[in-house]
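These notes are about the structure you will find just below.
The values are calculated or read from the model by the stated rules, or taken from the named source; none is laboratory data. The structure presented is a predicted model; accordingly, all values stated were derived computationally and were not measured. So basically every Cβ, Gly included, is an ideal-geometry build from the backbone, and we count neighbours across all protein chains shown. Keep in mind that these areas ignore ligands, DNA and RNA; they rest on the heavy atoms of the full protein, side chains included. Shrake-Rupley method; radii C 1.70, N 1.55, O 1.52, S 1.80 Å.
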Amino acid sequence: MPIVMQYLAANSADEALIADDIIDFFALSIASVIQNDTNLTTPQLQRKGVDAAGKHIAHWVRLLKLDNEQRGASLLAMTMGAVASDETKQ
């Protein structure tokens, strides 16, 4: 994930990474997977794939919210290195 974030920031107009850039990148990635899935041969099946992706996202949002509340830091912040681990705080 950090490499993707660095790439997106480096290729933005002012090197500022915004949520919309991140969401757009991953939405395009998911759409590409769904569009290329040989099992999703009709628009209806592709819609089901999109619905399934949405359910996966909602599931992870709930889990990450709970995890963030317990740990006190988001997965994104930790992944990007914004939050030091207990070992590095010494």
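Which one is nearest to residue 27 (Cα to Cα), of the residues in the stretch 38-90 that are surrounded by 10 or more Cβ atoms within 10 Å (Cβ to Cβ), among the polar types (S, T, N, Q) and at pLDDT 75 or above?
Among them, the one singled out is 46.
In this structure, is residue 35 open to solvent by 60 Å² or more (accessible area, probe 1.4 Å) and closer than 19 Å to residue 78 by Cβ? If you could, list the steps in order and put the result at the bottom.
On the way: open to solvent by 60 Å² or more (accessible area, probe 1.4 Å): yes; closer than 19 Å to residue 78 by Cβ: no.
No: the conditions fail for residue 35.
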